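The next block holds one structure in the form of structure tokens; read it before the comments.
Coordinate-derived values only; no laboratory data. Quick caveat: nothing in here was measured; it's all calculated off a predicted structure. Cβ: placed from backbone, ideal geometry, glycine included. Neighbour counts: every protein chain shown.
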Amino acid sequence: NAGVMQNPRHLVRRRGQEARLRCSPMKGHSHVYWYRQLPEEGLKFMVYLQKENIIDESGMPKERFSAEFPKEGPSILRIQQVVRGDSAAYFCASSPGGNAEAFFGQGTRLTVV
Amino acid sequence: GENVEQHPSTLSVQEGDSAVIKCTYSDSASNYFPWYKQELGKRPQLIIDIRSNVGEKKDQRIAVTLNKTAKHFSLHITETQPEDSAVYFCAAVNAGNMLTFGGGTRLMVKP
């Protein structure tokens, strides 16, 4: 059972481009969480999804950011028209729900130049 | 929604001493409390967790306590070693499966 897989590990985008971050949860996990982390800082919640549904997106900016978790395939965090302030590490975590451990992916480090 | 506060933000101890990190939560419906350790440049990894029907749990040098009435829980590391140096995050999961993290504690163990 592979762990949570995120790709790419590193992503460089120019200002104004789009960034697509992918997260494949562990097998059997239907809950996905996305967090953003700046250097030396904590894990800032962005969005919580279950298969095909956004449960809570209160931490995600309403403009330029979107997330999905389709029936088939990975969860996608999409950032349109990136700006330098979007540079950060983006982690996803998955769990089977309930009082069960959430596992993290290795993160995607986005750099906007 | 849930709010998790974590203290202290930084903690420096001498090797062999104990370290204690404290967290409080706001949602009385939260029922699962994991702790994660994040080493520099790596992903957070679970080190211990506790569920709301238990008051204390221990795993070798690490223990966690939970006070549901006061809505706080703590991580205790005994006989600290340099490899314990990392950032530690507490978290709470509520009835809606929302996973909310505290702000983190940077633990430095001096040899």
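Of note:
- For the protein assembly as shown, the alpha-carbon radius of gyration amounts to 1.02 times the rule-of-thumb value 2.2 N^0.38 Å expected for a compact globular protein.
- DSSP loop GluC sites (Glu not before Pro) with at most 15 other Cβ within 10 Å: longest gap in chain B: B:40-78
- Three principal axis extents describe the C-alpha atoms of region B:30-90; from largest down they are 35, 24, 16 Å.
- Computed from label points 7 Å out along Cα-Cβ, the spacing between A:Glu52 and B:Arg106 is 4.6 nm.
- Summed side-chain charge close to A:Leu49 - residues other than A:Leu49 whose Cβ falls under 9 Å, Lys, Arg +1, Asp, Glu -1: -3
- In whole angstrom, chain A maps to an equivalent ellipsoid with semi-axes of 22, 14, 13, each derived as √(5λ) from the alpha carbon gyration tensor and ordered largest first.
- All lysines inside 27 Å of B:Lys58 as judged from Cα atoms, apart from same-chain residues fewer than 8 positions distant: B:Lys22, B:Lys37, B:Lys42, B:Lys68, B:Lys71, B:Lys110
- Taking A:Lys51, A:Lys27, A:Lys62 in turn, the Gaussian network model of chain A (Cα-Cα springs below 10 Å) assigns the largest fluctuation to A:Lys62.
- Over all pairs of different C-alpha atoms in chain B, the reciprocal of the mean inverse distance, the Kirkwood hydrodynamic radius, equals 13.9 Å.
- Most mobile listed residue (A:Pro25, A:Pro61, A:Pro96) in chain A, GNM with C-alpha springs under 10 Å: A:Pro61
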